[in-house]
């Protein structure tokens, strides 16, 4: 009897211990090693990889390296028996005319390529031109029925060129009910403005650049939109797109508006008012563009840890492997290495993959490591995946995206981009607080970071996403120091050849800190039954619900 009682109590303790473990509790995980991150980061950001531009020798080196690392880790291929998902791209190398001629107005104007404007096209045509196309100021270039907003109201844009402002009317306000106040909506992104100009049938569109409203200086526009531009291949050659798409510098824009008898500052204020109507500028634009085309495929790289119990449910980590390649020399350097953007994020995903593959016990759900191409060209690799998912979206639990890590040490904060969108915020908060950190909402919401990295492509097809990192409250030097470092990077190195790995100056402890947190979050989700949801008010909530409902009926 005594033996039976002892056995009973031992079994009871074992049972209580089992049910006492949270369904969300992570398994035993190896530590993220700084040497692991540094090895991958320094390799991918080296000159040998030639700036990692898609469809170049730099891509071949990059994806070969990523496949090799996955194999050596013992992580399986994620696309059947392949580590690659082909992404059909076209590279359009445009040679714009050196001048953009403006006629009409107070006097003729000649804008200079580079200093005053950049232009490109998505059309697959050898020669394109605007010839005396009427210029129309179309505010922010937005049609948003939910806000009763139409910047093209009553206007036939056929043959005309829209001049529009970057960002959206809520910028600079604190009214969260006016668009989203200072938080940029998708209507504020340049990608949306080009899409809307296409829907309006415009012949051309020119976006007025202003650093605070755009979130980056003119140099970034000039470097990013010069040389070959890549896009997804289109059956019709994108002939419905505006013939000319481009940007105007702020100084050139001021002169343009002045020549039309308008004051740019006053027009910006006018464009923020409900009921704004487009204004003909009574001037015409003429410019040319010659194109060369190369069609080819680029590659997303996909690794997979198959779940031990629920292999058909997926956690997806994303980072983009690409950067800008070889471009305009700056201080004698023409290789845009992209060490922060995004060798850093790719290195972290690889370190997380290694740790999760060594976790005991193995993850119950499958974990996917999707390292995508052509983010710098407009989220093309992740957009292609969203349109052609390898793993069904309704069975994809969540996306954890890593992009552009901070390289100046550990942080007290975990800043969540797009805070308030989904329950991933709450999961991140719990994990951060366990590490003695606190959550911050996006500290620069006007810059639209939520729409500028690959999680957005997954969000658009309904997958709840987390895009977060420390960066605004340094562990020992505080908030002012952190912001100084952020601003210095944007001003001097973002999309510039100087974005290079510097072991003498960089402190990778913050990368280790964030990678470890992302590892913990992914492991917990991979060992739980939880399906995070979008929150009320999120534009992605209905997309997710429709996807789940449609596939529930099929299943």
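Elements of the type helices (runs of 4 or more DSSP H) sitting completely within region 332-440 and holding at least 3 residues that are modelled with pLDDT of 95 or more and over 22 Å from residue 521 (Cα atoms): these cover 380-387. Can you pull out the residues in region 207-221 that are touching a strand residue (DSSP E or B) at 6+ places or on another chain (Cβ under 6 Å) and either in a loop (DSSP other than H, G, I, E, B) or under 22 Å from residue 181 (Cβ atoms) (or both)? Passing the criteria: 207, 208, 209.
Tallying residues that are assigned to a helix (DSSP H, G or I) and crowded, with 21+ Cβ neighbours inside 10 Å within region 525-541 yields 2.
If the condition is being within 30 Å of residue 386 (Cα to Cα) and surrounded by fewer than 19 Cβ atoms within 10 Å (Cβ to Cβ), then region 471-492 contributes only 490. Residues of region 53-78 being part of a helix (DSSP H, G or I), in contact (Cβ under 8 Å) with a residue 12 or more places away in the chain and either in contact with a helix residue (DSSP H, G or I) (Cβ under 8 Å, 6 or more places away or on another chain) or under 17 Å from residue 335 (Cβ atoms) (or both), which ones? Result: 58, 59, 61, 62, 65, 66, 69, 70, 73. Within region 79-94, the set of residues being out of contact with any helix residue (DSSP H, G or I) (no Cβ under 6 Å at 6 or more places or on another chain) and not in a loop (DSSP other than H, G, I, E, B) comprises 79, 82, 84, 85, 86, 88, 89, 90, 91, 92, 93, 94. Within the bounds of region 330-337, is there any residue that is assigned by TED's automatic domain parsing to the domain that holds residue 233 and buried (at least 24 other Cβ atoms within 10 Å of the Cβ)? No, that holds for no residue. A single member of 496, 468, 459, 432 is without any contact (Cβ under 8 Å) to a residue 60 or more places away in the chain, crowded, with 22+ Cβ neighbours inside 10 Å and in contact with a strand residue (DSSP E or B) (Cβ under 8 Å, 6 or more places away or on another chain), and it is 468.
So that you can scan it fast, the table gives a plain yes or no per residue for (1) surrounded by fewer than 16 Cβ atoms within 10 Å (Cβ to Cβ); (2) without any contact (Cβ under 8 Å) to a residue 12 or more places away in the chain; (3) at positive phi; (4) over 32 Å from the mean Cα position of the chain (by Cα):
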| site | (1), (2), (3), (4) |
| --- | --- |
| 255 | no, no, no, yes |
| 272 | no, no, no, no |
| 282 | yes, no, yes, yes |
| 296 | no, no, no, no |
| 299 | no, no, no, no |
| 308 | yes, no, no, no |
| 311 | yes, no, no, no |
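Of the strands (runs of 3 or more DSSP E) entirely within region 225-314, those holding at least 2 residues that are not assigned by TED's automatic domain parsing to the domain that holds residue 172 occupy 279-305.
Would you say residue 460 is modelled with pLDDT of 95 or more and over 30 Å from residue 378 (Cβ atoms)? Spelling it out, it is not the case that residue 460 is modelled with pLDDT of 95 or more and over 30 Å from residue 378 (Cβ atoms).
One line per residue, one yes/no per condition, for (1) surrounded by fewer than 24 Cβ atoms within 10 Å (Cβ to Cβ); (2) part of a loop (DSSP other than H, G, I, E, B); (3) not assigned by TED's automatic domain parsing to the domain that holds residue 263:
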residue	(1), (2), (3)
140	no, yes, no
155	yes, yes, no
164	no, no, no
175	yes, yes, no
178	yes, yes, no
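The single residue among 38, 59 that is more than 16 Å from residue 344 (Cα to Cα), surrounded by 13 or more Cβ atoms within 10 Å (Cβ to Cβ) and in the same structural domain as residue 391 (by TED's automatic domain parsing) turns out to be 59.
The values are calculated or read from the model by the stated rules, or taken from the named source; none is laboratory data. Here the structure is a predicted model, which means the values were calculated and not measured. For neighbour counting, all protein chains shown are included, and Cβ atoms are generated from backbone atoms with ideal geometry for every residue, glycine included.
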